[in-house]
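To start, the structure itself, in structure tokens.
Here, each number is a calculation from the coordinates, and none is a lab measurement. Because the structure is a prediction, the values reported are computed rather than measured. Every residue, glycine among them, receives a Cβ derived from its backbone with ideal geometry; neighbour counts consider all protein chains shown.
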2 protein chains.
Amino acid sequence: MNLDELKEKMKLTDAALESLLPPENRYPEIIYKAMRYSVFAGGKRLRPVILLSVCEMLGGDIKKALPFAAAIEMIHTYSLIHDDLPALDNDDYRRGRLTSHKMFGEDIAILTGDALLGHAFEVMSKQTAESGDINMAKAMYDIAFGCGVNGMLTGQVVDVISEGKAIDKDTLDFIHLNKTAAMIQGAFKAGAHLASADEETVEKLNKAAEKIGVAFQIQDDIMDVTSSFEEMGKPALSDEKNNKTTYVTLLGIEGSKKVVKDLSKEACDILETFGDKAEFLIELTKYLTERKK
Amino acid sequence: MNLDELKEKMKLTDAALESLLPPENRYPEIIYKAMRYSVFAGGKRLRPVILLSVCEMLGGDIKKALPFAAAIEMIHTYSLIHDDLPALDNDDYRRGRLTSHKMFGEDIAILTGDALLGHAFEVMSKQTAESGDINMAKAMYDIAFGCGVNGMLTGQVVDVISEGKAIDKDTLDFIHLNKTAAMIQGAFKAGAHLASADEETVEKLNKAAEKIGVAFQIQDDIMDVTSSFEEMGKPALSDEKNNKTTYVTLLGIEGSKKVVKDLSKEACDILETFGDKAEFLIELTKYLTERKK
């Protein structure tokens, strides 16, 4: 994995977020503090890195894509803040830090999620209106499609209504496809549109993105079981404790690993058709689907 | 007031909402049911009516503006659903019906607000990308600006952090300008941009909109006191019960009425510069700032 390139794109994303989020010393301070608290909580910037890499692979201008990279991360962060709320997953900690509602109160946490979702579209529509570049409107639609009722949002809804119930593979696939893959697809499609790609190219990348998104999520499920064994000598098994149906409970560890491997291979096969320029995205796909933590 | 014209624009808005919201029989049904439950709860469609009327006044095509009219109503509805949540205003009823969280649970209510906010931008960005009309991107930005951290959202934040405290006039003005006026301004500006108006015209209407928005909110505060007297023979005074500082507590009923009258007059003076075509918007302004309920 070319870590320098990865780190460079993460740095560019952070700089864009820094400049596009309102400063903390503006009235009413608490909302700007809360927005930045969660956005700068050590996320991997996976979706922005993908968006920027796809744009670059297709010969687009990364600088123009930065507001969209920042926006997709704001949307990802909003979804985490709302997922963690007492009425949803009720998590006190994320990445070792207090969650937004534990830090700022539930009212402000709800509004902070709302603020980040709205601000993402404010940033993107401003950029689109000022540039007059209609490809930006397409990228905005890709991201809106990925996060809304055709994507992430319904994945979250099914996750919530399935809580504590045994679910079948179709339902689990629905959750993975929507809650996780849809925003990865949004990042791929938006990156392509920002590079003025034609619709055939966009659709090809959309297919690869879906496979990467699902593989990424199954790998998460696997790690929930195996990381605990390796690191602590006994299972922590947060999914099992929560009675959560995952690929591991349905197909076992080895069966799940095979699905991840197959999906990753299929995605890389598609990416390889883009030649040498796809090298970073292929490395990233392998990195995401072979990671141990 | 030309009620036929008002009703016609409300009907057009409802038809657009009907066709742009996903059907209820789609999986997972609960989120689509919840979105429609709150959107079709008998709202006045004030913001869409304004957006359509401004667009029409400036010679724009109302048909093209309809998705934006629907989107601004989705955003207004999202804000009401989240405002009503237990962690915020904790209201069980709105317009005589159970609020979203009482009907569908708090988790689904949070996600329904999120869904409506996201869907509004999905609808608008789709329309913009498909039409290639950059004025639509400007209209989308107007609406995003109105609902986000430069508008409604911060008004809501200051409302929340001021709860139970006496606040000064500056703070109250901040709340009115942001929580209420900003989205009225968004409706005016978006309607103007959708009619390809120049920036001078947009700015003129933005000024009128601000005055109308603030007057509309103060009229609400007045009605909280006077309607109760007239209708029930005794004050219900929900603001007073909640220890809420309003224009009435700061300036008294007569003082507040004068402010509303002055603001309404100033707004109408601006609208009159648009000639006969502004008649409906002038009537609407008077209707909104003279209403008793």
Query raised in the report: If amide H atoms are built 1.01 Å from N in the plane of the peptide, which residues on other chains or at least 5 residues away come under 5 Å of the amide H of A:Thr99?
Result: A:Tyr93, A:Arg94
Query raised in the report: Which residue, chosen from B:Gln127, B:Phe174, B:Leu117, occupies the Cα position most advanced towards the positive end of the dipole of the stretch B:58-182, where the dipole is computed from +1 (Lys, Arg) and -1 (Asp, Glu) charges on Cβ about the Cα centre?
Result: B:Gln127
Query raised in the report: Kyte-Doolittle mean at least 0.0 and Cα extent at least 27 Å along the axis: which DSSP H helices of chain B qualify?
Result: B:62-84, B:106-131, B:247-272
Report summary line: Hits in the stretch B:141-172: amide N under 13 Å from the 7 Å Cα→Cβ extension of B:Asn90, namely B:164
Requested in this report: Pairs to check: A:Lys244/B:Lys102; B:Lys265/B:Lys286; A:Lys44/A:Lys258. Give those whose C-alpha atoms are more than 20 Å from each other in this structure.
Outcome: A:Lys244/B:Lys102; A:Lys44/A:Lys258
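Which of the chymotrypsin sites (Phe, Trp or Tyr not before Pro) across the stretch A:1-87 are loop residues per DSSP, with 16 or fewer other Cβ within 10 Å?
Within the stretch A:1-87, the qualifying chymotrypsin sites (Phe, Trp or Tyr not before Pro) (loop, at most 16 other Cβ atoms within 10 Å) are A:Phe40.
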Requested in this report: For B:Lys189, go through the lysines and keep the ones whose alpha-carbon is under 18 Å away, minus same-chain ones fewer than eight residues off.
Outcome: A:Lys126, B:Lys9, B:Lys63, B:Lys64, B:Lys138, B:Lys179, B:Lys204, B:Lys207, B:Lys211, B:Lys277
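Quick one: dipole size for chain A, taken about the Cα centre, charges +1 on Lys/Arg Cβ and -1 on Asp/Glu Cβ, in debye to the nearest 20. Display every interim value, and only then the final one.
Working: 36 positive and 48 negative charges, 95 e Å.
Dipole of chain A, to the nearest 20 debye: 460 debye.
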Query raised in the report: Between A:Ser79, A:Val157, A:Ala144, whose Cα lies farthest towards the positive end of the dipole of chain A when Lys and Arg beta carbons carry +1 and Asp and Glu beta carbons carry -1, centred on the Cα centre?
Result: A:Ser79
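Could you order the peptides A:246-253, A:42-49 from most to least packed, using the average number of other C-beta atoms within 10 Å per residue?
On the way: A:246-253: 18.0, A:42-49: 20.5.
Descending mean neighbour count gives A:42-49, A:246-253.
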Report summary line: For the pair A:Lys165 and A:Met103, the simple spin-label estimate (label points 7 Å beyond Cα toward Cβ) gives in nm 3.4 nm
Requested in this report: Rounded to the nearest 0.05, what FRET efficiency do A:Asp220 and B:Glu266 give with R0 = 56 Å and r taken as the Cβ-Cβ distance? Could you check?
Outcome: 0.45
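Give me the net charge of B:Glu163's neighbourhood, meaning all other residues with Cβ under 10 Å from the Cβ of B:Glu163; Lys, Arg count +1, Asp, Glu -1. The partial results should precede the final answer.
Values: positive: B:Lys165, B:Lys244; negative: A:Asp107, B:Asp89, B:Asp159.
Around B:Glu163, the charge tally is -1.
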**Report entry** 15 Å Cα-Cα reach of B:Lys11 towards aspartates and glutamates, excluding residues that sit fewer than 8 places from it in its own chain
**Finding:** B:Glu73
